Amino acid sequence: MSICNKKTLLCLAVSGSLFSVSYAANANDHHDHNHHDGEHHESEHRHHDAHVHGVVETNIAQDGDHLLFEITAPGADVVGFEHAPKDDAQKQVLANAVKTLNNPNLIFTLPENAKCTFEEAHVSHNLVNHNDHDDHEHDHDHDHDHDHDHHDGEHHKEHGKHGEFSAQYEYHCEAISNLDQIETQWFTHFPHTHKMTIQYLGDAGQKAASLTPKSSIITL
């Protein structure tokens, strides 16, 4: 079950205020990748606007003693490809990535004196074979392979089928007032990523930052 189904207030904060701040705060960041952004902005879906290779988007919402992380990452950043695994080697890479993402203590380090305890993780991705799903549209497309191949780019843009990972983490912090910084080890585990954009919303207000392999700590 998705954490968002259980923590409505936190998820509303993330999906509403944070994402609106994210777009404004990172306009210049996205400008660096305009060759891909043009297509994504046409859909006007935040989830796919953020899909820029080498850039991972992380939103953090704090409500009382609860802390919720939401990560959106292109498949290329996590496993090096954005399609269903084509061989056993890619299947193993995908399995390893999912295992890592399901352990947020490998991804983030929180101050010990904040006394934060990890409670729940929800990780998903769409790097799967369409045949594994009850997807009538794709069944129909297979009956018209020549049309499907010709319009493949348009089809994927229209339906937002970019290979992508999503991860949500929930923490309970007994001394949330001591949460003065967050460090990430994302770049160590997923070196294809060049930048992680962070949007934070909590009692102290809103904050935006861009982390890199050489600067991986956000001060709150």
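The values are calculated or read from the model by the stated rules, or taken from the named source; none is laboratory data. In this text, all values refer to a predicted model and were calculated from it rather than measured experimentally. Cβ sites come from the backbone with ideal geometry, for glycine too, and all protein chains shown count toward neighbours. Just so you know, the surface numbers come from the protein's heavy atoms only, side chains and all, with ligands and any DNA or RNA stripped out. Shrake-Rupley method; radii C 1.70, N 1.55, O 1.52, S 1.80 Å.
The residue of segment 180-206 that is farthest from Asn103 (Cα to Cα), among those that are among the polar types (S, T, N, Q) and in a strand (DSSP E or B), is Gln206. Apart from one condition, His194 fits all of (1) in contact with a Gly (Cβ under 6 Å, 6 or more places away or on another chain); (2) modelled with pLDDT under 95; (3) open to solvent by 20 Å² or more (accessible area, probe 1.4 Å); the exception is (2). When Lys157 is tested against (1) more than 24 Å from Ala121 (Cβ to Cβ); (2) modelled with pLDDT of 95 or more; (3) surrounded by 11 or more Cβ atoms within 10 Å (Cβ to Cβ), just one condition goes unmet, and that condition is (2).
Of everything listed in (1) under 22 Å from Gly75 (Cβ atoms); (2) without any contact (Cβ under 8 Å) to a residue 60 or more places away in the chain; (3) not in a loop (DSSP other than H, G, I, E, B), the single unmet condition for Ala209 is (1). Of all residues in segment 53-75, those being over 30 Å from Asn113 (Cα atoms) and either free of Cβ contacts under 8 Å to residues at least 24 places away in the same chain or surrounded by 20 or more Cβ atoms within 10 Å (Cβ to Cβ) (or both) number 3.
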